[in-house]
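Structure, as structure tokens:
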Amino acid sequence: VLRWFDAHCQGSKQLAERACAVIPGGVQHNLSFNHPFPLAMSRADGPYLTDVDGNRYIDFLQAGGPTLLGSNPAAVREPVKALLDHCGPVTGLLHEYEVKLAELVCRHMPGVEMIRLLGSGTEAVMGAVRLARTVTRRQRVIKIGGAYHGWSDQLVYGMRLPKTGRMEATGIPRGATAHTQECLPNDPEALRRLLRWNRLRGGTAAVILEPLGPESGTRPVHRNFNAQVRALCDEFGALLIFDEVVTGFRAGMGGAQGYFGVTPDLTVLGKCLTGGYPMAGAIGGRRELMMSLVGGIGSTTRRAFVGGTLSANPLTCVAGYHALLETERTHAPAVAGRAGDRLRRGLDEIIQRRGLPYVAYNMGSVVHLQTSGVLLLDTSSLWKLIKVKAEAQRRKHMMEEMGAAYTAHGIVSVAGSRFYTSLADTDAVIDDALHRFDDV
Ligand code: PMP
């Protein structure tokens, strides 16, 4: 595999070396830490990426999830160009596309009556948590262990690394996570105990979760887990926040909340919301909750302050509006979901035929391929979870090496273990990919 990279990716290698001199680690985005070095892409088109050396890859990375329509669809690109021609990217004042995008989201998402656009999923999570604390006048927020909700101080990975005891993310003052609690997935009884404990100590502002399970299904949850959490939130008066950064418009036009039939109080959106164009982040929710975001400069009413110079700029909004229109028109969630089913069935077949210790599973267009042990590991106590973490770390490294092997066979993925499918993934593309998997 390493020989393949040396023989075929000299352009990328040279660019990566230049990058290392001026960019920490040579990459600006944590998904680009490819093994053995980051590949530099020069073209993106439908289901394919092409690197600076002319190698073409089937794109199951999808920039981490936003390009559900495939790369660079004309239906989004052309209106963006037209807007840039007559308006440019920003005015700082209201724009028609801001309203059109908001109306479209509110029409489709069951839990979204109003929406506030922000700069990223991370910002939107921070805003949603702040809003929940404002409305409930409580402090504590419970997350489901192992979930990724962006990199804010209060919610970034909080686990201590096995052996060293170091935090996975450093530079976070103890106080910043003082009101963040973790609860294991698939354990409603543990969540109930935590909510009960909190009730005697000021209560719980919100429970935040990824509806497919932590790390968007890397640790899958039972089908009724979201409904169980909903019921517990109602019982204890905590708000339920769905982090739909991955699932919003990918699981369906109504997101995972539409898919599972569980409506959260607040919804966090990102990624597919703007079809891969910058500034993808939004808080949505019930009207009376969202109204706590109102208030101009100098306002004295009680409100949660969120902001952003470029939030809801016309460029983001025109892209988002047309991306979502196209998603609706083409039934992209369902089409990409069928491609995901086909990919998973094919992977299953390879695993069975070759007797590999892997498991493939998917929820529509989110396909996971992992060493099977991870799912069998017992996470019923914190101590066991720490052991699981050590094991998961080892397997993660192994999956990254597999990721490099996939890349050398023309497939890019999320760290070798997650594969997003898109509208552009025809049967022929998926079958081509399966041949490559089989070779690996
Ligand atoms: N929540 C989830 C579930 C995510 O997957 C991500 C990004 N991978 C985020 C939040 C953070 O979004 P962003 O990268 O736009 O800040």
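Read-outs throughout are calculated quantities, based only on the coordinates presented, and are distinct from any laboratory measurement. This structure is a prediction, so every number in the text was calculated from the model and none was measured. Cβ coordinates were reconstructed from backbone atoms using ideal geometry, including for glycine residues, and neighbour counts include every protein chain displayed.
Residue farthest toward the positive end of the dipole of segment 74-330, with Cβ of Lys/Arg at +1 and Asp/Glu at -1: which of 171, 264, 79?
Working it through, the farthest residue towards the positive pole turns out to be 171.
If packing is taken as the average number of other Cβ atoms within 10 Å across a peptide's residues, how do 327-339, 265-277 rank, most packed first? Display every interim value, and only then the final one.
Values: 327-339: 20.0, 265-277: 27.1.
Output ranking for 327-339, 265-277: 265-277, 327-339.
Starting from the coordinates of the alpha-carbon atoms of the chain, obtain the Kirkwood hydrodynamic radius over all distinct pairs and give the value in Å to one decimal. Can you show the working numbers first?
Working: mean 1/r = 0.0442 Å⁻¹.
Hydrodynamic radius (Kirkwood, Cα pairs) of the chain is 22.6 Å.
How would 136, 50 line up from fewest to most surrounding beta-carbon atoms within 10 angstrom?
Neighbour counts put them in this order, fewest first: 50, 136.
Treating the beta-carbon of each Lys and Arg as +1 and of each Asp and Glu as -1, no other charges, what is the dipole magnitude of segment 74-330 about its Cα centre, to the nearest 20 debye?
On the way: 30 positive and 22 negative charges, 209 e Å.
Value, rounded to 20: 1000 debye.
Rounded to two decimals, what is Rg over Rh for segment 264-370 when you use alpha-carbon atoms and the Kirkwood radius?
Rg/Rh: 1.17.
Quote the charge dipole size of the chain about the Cα centre in Debye, to the nearest 20; the model charges only the Cβ of Lys and Arg (+1) and of Asp and Glu (-1).
My answer is approximately 1740 debye.
Once you have the Cα-Cα distance between residue 393 and residue 151, take 0.36 nm times their residue separation minus that, and quote the gain in nm to one decimal. Let's see the in-between values first.
Working: separation 242, 0.36 × 242 = 87.12 nm, distance 1.93 nm.
85.2 nm is the gain from fully extending residue 393 to residue 151.
Tell me, what ³J(HN,Hα) does each residue in segment 249-260 have, in order and in whole Hz, if you take phi through Karplus 6.51 cos²θ - 1.76 cosθ + 1.60 with θ = phi - 60° and put x for Gly and Pro?
Per-residue couplings from phi come out as 6, 9, 6, x, 4, x, x, 5, 5, x, 5, 8 Hz.
Can you tell which of 416, 404, 390 lies farthest toward the positive end of the dipole of segment 386-440, using +1 and -1 charges on the Cβ of basic and acidic side chains (Lys, Arg; Asp, Glu)?
The residue sitting farthest along the positive end of the dipole is 390.
Name the residue farthest towards the positive end of the dipole of segment 74-330 from the options 146, 247, 127, assuming +1 on Cβ of Lys and Arg, -1 on Cβ of Asp and Glu, about the Cα centre.
146
For residue 328 and residue 201 in the same chain, what is the full-extension length gain: residue separation times 0.36 nm, less their Cα-Cα distance, in nm?
Full-extension gain reported as 41.2 nm.
Hey, could you get me the Stokes-Einstein D for segment 197-258, Kirkwood radius over alpha-carbon pairs, 4 °C and 1.567 mPa s, rounded to whole µm² s⁻¹?
105 µm²/s
Which chymotrypsin sites (Phe, Trp or Tyr not before Pro) in segment 18-66 sit in a loop by DSSP (not H, G, I, E or B) and have at most 14 other Cβ atoms within 10 Å of their own Cβ?
33
Between residue 139 and residue 436, what FRET efficiency comes out of the Förster formula 1/(1 + (r/R0)^6) with R0 = 56 Å and r the beta carbon distance, rounded to 0.05?
Values: r = 50 Å, r/R0 = 0.89.
The pair residue 436/residue 139 has a calculated efficiency of 0.65.
Spelling out what I want: for every residue of segment 433-438, take phi, set θ = phi - 60°, compute 6.51 cos²θ - 1.76 cosθ + 1.60 (Karplus), and round to whole Hz; glycine and proline get x.
Working through the residues one at a time gives 4, 5, 4, 5, 4, 4 Hz.
If you take the beta carbon distance between residue 103 and residue 74 as r and set R0 to 30 Å, what does 1/(1 + (r/R0)^6) give as a FRET efficiency, to the nearest 0.05?
Working: r = 24 Å, r/R0 = 0.79.
The calculated FRET efficiency here is 0.80.
So between residue 43 and residue 192, what do we pick up on full extension, going 0.36 nm a residue minus the alpha carbon distance?
Gain in length upon complete extension: 48.7 nm.
Return the tail of the calculated pair distribution for segment 74-330, meaning the percent of Cα-Cα pairs more than 32 Å apart.
Numbers: 7157 of 32896 pairs.
Result: 22 percent of Cα pairs exceed 32 Å.
With runs of 4+ DSSP H residues as the only contributors, calculate the mean residue ellipticity of the chain at 222 nm using -39,500 (n - 2.57) per run, divided by the residue total and rounded to the nearest 500.
-13000 deg cm²/dmol
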